[in-house]
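Visitor: Next up is a structure, given as structure tokens.
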Amino acid sequence: MEYTVMMPAAGSGQRMGAGYNKLFLELDDKPILIHTLDVFEKDPACVGMILAVKPAERERIQSMLTQFSITKVKALVAGGSERQQSVAACIRAHGEGGIVLVHDAARPFISQSVIYELVQVAKEHGAAIAGVQAKDTMKFAPVGIVEETVDRSKLWIIQTPQAFQYTVLQKAAEKAEAEAFLGTDESMLVERLGHPVRIVESTYDNVKMTTQEDLVFGEILLRRRQGNKDDSSRTRF
Ligand code: CTP
Ligand code: MG
């Protein structure tokens, strides 16, 4: 089943503290952005990519795509000051229907099998998001004093990709814009339509490169995956 991926890449990486967009930081001699794009470049089901970028970074990103042989990017659109606006620009640029995935450019470790399942579930049900179950004990404490220990088995930590039938996502984005609602992910916008959103179980290594510690973890993951390629008898991480 074919899909198009929309990738917000127009952030400034404040929490990483590099002083510039963290997506340009290199893991194993390749920018984080390219690691993420590579996953989709290699997936035959991915028929196109739309990237939201800062206008000032457009040329640099364009030449990186050439340098690293990323061929599926159909459009580089101007991102906004909020992530949701960057995704909205991608949605406007697509306008074709089918299945679309929204995926953070800062998550290079998404697995192919999770992408596959998200696409299947979105095709059948309209909306599917990647998530993992909470591992720690969870408490509800709005002012720092515990009110309740929440049943962990019912809680999910949500990641990207989030997959949708294009018409569902477009309707959700239009409604959010008309009502000036700002959510933290695309699922929230779809939930506001009253459309059910299914969770597809993802992996704990699909981390977002957000702070310096994430880079350390990222380096380890890459080395481990490289090791797995060289020696297929090793356990996959
Ligand atoms: N993003 C975007 N447009 C924005 C803000 C974020 O396209 N206005 C993108 C980022 O480039 C990233 C993804 O959304 O790929 C997830 O955002 P996040 O991890 O928060 O990245 P930044 O916003 O860059 O980092 P920070 O919040 O620490 O500044
Ligand atoms: Mg941010």
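The values are calculated or read from the model by the stated rules, or taken from the named source; none is laboratory data. As the structure is a prediction and not an experimental result, all values here were calculated from the model. Here Cβ is always computed from backbone atoms with ideal geometry, including for glycine, and neighbour counts include all displayed protein chains. Side chains are part of the model used for accessible areas, which takes the heavy atoms of the whole protein and leaves out ligands, DNA and RNA. Shrake-Rupley method; radii C 1.70, N 1.55, O 1.52, S 1.80 Å.
Visitor: Output the residues belonging to segment 194-214 that are more than 27 Å from Asn21 (Cα to Cα) and open to solvent by less than 60 Å² (accessible area, probe 1.4 Å).
Guide: Scanning segment 194-214 gives His195, Val197, Val200.
Visitor: On to the next question. Please name all residue pairs, on different chains or six or more residues apart, with Cβ atoms under 8 Å, provided the first residue is in segment 71-91 and is within 16 Å of ligand 2 (Cβ to nearest atom) and the second residue is open to solvent by 30 Å² or more (accessible area, probe 1.4 Å) and assigned to a helix (DSSP H, G or I).
Guide: Gly79/Gln85; Ala88/Glu177
Visitor: How about segment 132-162: which of its residues are open to solvent by 80 Å² or more (accessible area, probe 1.4 Å), of a type in the set (A, V, I, L, M, F, W, C), touching a strand residue (DSSP E or B) at 6+ places or on another chain (Cβ under 7 Å) and without any contact (Cβ under 8 Å) to a residue 24 or more places away in the chain?
Guide: Across segment 132-162, the qualifying residues are Phe140, Val146.
Visitor: Residue check: is Lys30 farther than 17 Å from Pro161 by Cβ and away from ligand 1 (no atom under 13 Å from the Cβ)?
Guide: Yes, satisfied.
Visitor: Of the residues that make up segment 101-108, is at least one loosely packed, with under 15 Cβ neighbours inside 10 Å and not in a loop (DSSP other than H, G, I, E, B)?
Guide: No: zero hits.
Visitor: Determine whether Val77 is touching a helix residue (DSSP H, G or I) at 6+ places or on another chain (Cβ under 6 Å), under 14 Å from Thr160 (Cα atoms) and open to solvent by less than 30 Å² (accessible area, probe 1.4 Å).
Guide: No.
Visitor: Go through Asp38, Asp29 for me and flag whichever is open to solvent by less than 50 Å² (accessible area, probe 1.4 Å), more than 16 Å from ligand 2 (Cβ to nearest atom) and closer than 26 Å to Glu213 by Cβ.
Guide: Asp38
Visitor: Name, by its number, the condition in (1) over 30 Å from Glu26 (Cβ atoms); (2) outside any helix (DSSP H, G or I); (3) open to solvent by less than 60 Å² (accessible area, probe 1.4 Å) that does not hold for Ala176.
Guide: (2)
Visitor: Could you list, in sequence order, all residues of segment 41-64 that are open to solvent by less than 40 Å² (accessible area, probe 1.4 Å), of a type in the set (A, V, I, L, M, F, W, C) and either away from ligand 1 (no atom under 16 Å from the Cβ) or outside any helix (DSSP H, G or I) (or both)?
Guide: Within segment 41-64, Ala45, Cys46, Met49, Ile50, Leu51, Ala52, Val53 qualify.
Visitor: Something else about it: Only one of (1) basic (Lys, Arg); (2) in contact with a helix residue (DSSP H, G or I) (Cβ under 7 Å, 6 or more places away or on another chain); (3) touching a residue at least 60 places away in the same chain (Cβ under 8 Å); (4) open to solvent by 30 Å² or more (accessible area, probe 1.4 Å) is not met by Lys123, so which one is it?
Guide: (2)
Visitor: Identify the residue in segment 1-20 that is open to solvent by 50 Å² or more (accessible area, probe 1.4 Å) and in a loop (DSSP other than H, G, I, E, B) and, among all such residues, is farthest from Ser111 (Cα to Cα).
Guide: Looking at the filtered set, the residue picked out is Gly19.
Visitor: What pairs come out if I take residues in segment 4-17 that are within 12 Å of Val102 (Cβ to Cβ) and pair them with residues that are open to solvent by 40 Å² or more (accessible area, probe 1.4 Å) and assigned to a loop (DSSP other than H, G, I, E, B) whose C-beta lies under 8 Å away, six or more apart or interchain?
Guide: Thr4/Glu96; Thr4/Gly98
Visitor: On the given criteria, is Leu23 within 13 Å of ligand 2 (Cβ to nearest atom) and either open to solvent by 30 Å² or more (accessible area, probe 1.4 Å) or part of a helix (DSSP H, G or I) (or both)?
Guide: For Leu23, the condition - within 13 Å of ligand 2 (Cβ to nearest atom) and either open to solvent by 30 Å² or more (accessible area, probe 1.4 Å) or part of a helix (DSSP H, G or I) (or both) - is met.
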